[in-house]
Amino acid sequence: MELSEESVEHYRRHGFVRVPGVLSATEAADYARVAAELPGASSTGPEMRAFRQYVNVWRTNAALRALTLHPKLSALAHQLAGVPLRLWHDQVLVKPPHHETATEFHQDHPYWPHRACRHALSAWVALVDVPAERGCMTFLPGSHTHTGLRPQDLHKEGDLFEIDPALRWSQRVTVPLRAGDITFHNSYTGHMALPNRTDAARLAHVVIYMDADTVYDGRPHPVTDGVGLLPGDRLDGGLFPPLTSAAAGSRSE
């Protein structure tokens with residue numbers, strides 16, 4: 001599967017793109033069943049805020065590892081970024097039914113302990129149908145040019161706009177997805193997810209890629225804590241594998 005020039009241009013101009021039908025409905029349903037069986041995936045409680053998050057499932061779950069390292073996803077990410085990439089981490093995100101909390105506007109990159117990384121991007125894989133009322137994402141086109149911001153509070157409405165008031169007046173594009181569709185977004189693209197007001201859980205699998213030469217900047221992060229990294233070390237090796245050979249054949253600029 002290769003993206004059209006129009007899709008690549010849309011991603012690079014606006015910071016996000018929707019790619020329909022990357023997985024079949026059957027594939028998506030199979031992965032959804034696995035995600036729904038993760039411990040606590042179907043529970044809610046006082047600790048439940050915007051969503052339930054499972055980080056680095058590829059290291060412990062064989063079925064989801066196959067999705068995280070799927071060469072089709074890697075090839076699309078490489079084509080969009082146009083540079084060599086590595087896996088940063090994956091995550092399963094669950095919004096339970098009738099969960100009225102939104103994930104407020106934010107950028108991903110300020111949370112990550114990365115230096116020498118400008119092309120990081122996320123593949124947000126819908127494992128179930130995600131219409132607006134189930135918690136699909138809304139993007140701020142062009143906001144990936146706004147860099148150098150502090151991390152934003154996912155639970156504080158308007159925090160991103162307090163930091164960068166110009167973004168408050170940006171166009172907002174809401175992108176519903178069918179199961180098996182993917183949105184790719186740059187790590188600097190402002191985005192949010194709506195509440196889930198339906199009777200079914202919203203299940204998404206996210207694969208996050210980073211520039212292959214990304215360097216650890218020393219800040220704490222669940223993915224890098226306790227693995228012996230020092231500031232200035234490259235994020236490489238088995239914990240952060242490169243793309244497969246299938247991805248390496250994709251067109252880049």
- Is at least one residue of the range 71-92 more than 26 Å from Ser7 (Cα to Cα) and part of a loop (DSSP other than H, G, I, E, B)? no
- Query: Does Gln91 satisfy the criteria of being modelled with pLDDT of 95 or more and either open to solvent by 10 Å² or more (accessible area, probe 1.4 Å) or out of contact with any Ser or Thr (no Cβ under 7 Å at 6 or more places or on another chain) (or both)?
  - Reply: yes
- Query: What about Arg65, is it open to solvent by 10 Å² or more (accessible area, probe 1.4 Å), in contact (Cβ under 8 Å) with a residue 12 or more places away in the chain and either assigned to a loop (DSSP other than H, G, I, E, B) or of a type outside the set (Gly, Ala, Ser) (or both)?
  - Reply: no
- Search the range 129-152 for residues that are touching a residue at least 60 places away in the same chain (Cβ under 8 Å) and pair each with any residue that is among the basic types (Lys, Arg) and not in a loop (DSSP other than H, G, I, E, B) when their beta-carbon atoms are under 7 Å apart and the residues are at least 6 apart or on different chains. Val130/Arg202; Arg134/Arg202; Gly135/Lys95; Gly135/Arg202
- Message: Checking the condition in contact with a strand residue (DSSP E or B) (Cβ under 9 Å, 6 or more places away or on another chain) and under 27 Å from Pro195 (Cα atoms), which residue from Leu85, Leu73, Leu69 passes?
- Response: Leu73
- Message: Condition (residue is on the phi > 0 side of the Ramachandran plot and open to solvent by 10 Å² or more (accessible area, probe 1.4 Å)) applied to the range 199-215: is it met by at least one residue?
- Response: no
- Pairs, please: C-beta under 7 Å, at least 6 apart or cross-chain, first residue closer than 16 Å to Val128 by Cβ and in the range 1-25, second open to solvent by 90 Å² or more (accessible area, probe 1.4 Å)? Pro20/Arg178; Val22/Met1
- Filter the range 3-50 down to residues that are at pLDDT 95 or above, over 19 Å from the mean Cα position of the chain (by Cα) and of a type in the set (Ser, Thr, Tyr), then give me how many there are. 3
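The values are calculated or read from the model by the stated rules, or taken from the named source; none is laboratory data. All figures in this text were calculated on a predicted structure; none of them were measured in a lab. Cβ: placed from backbone, ideal geometry, glycine included. Neighbour counts: every protein chain shown. The protein model used for the area step is the full one, side chains on, heavy atoms only, and it has no ligands, DNA or RNA in it. Shrake-Rupley method; radii C 1.70, N 1.55, O 1.52, S 1.80 Å.
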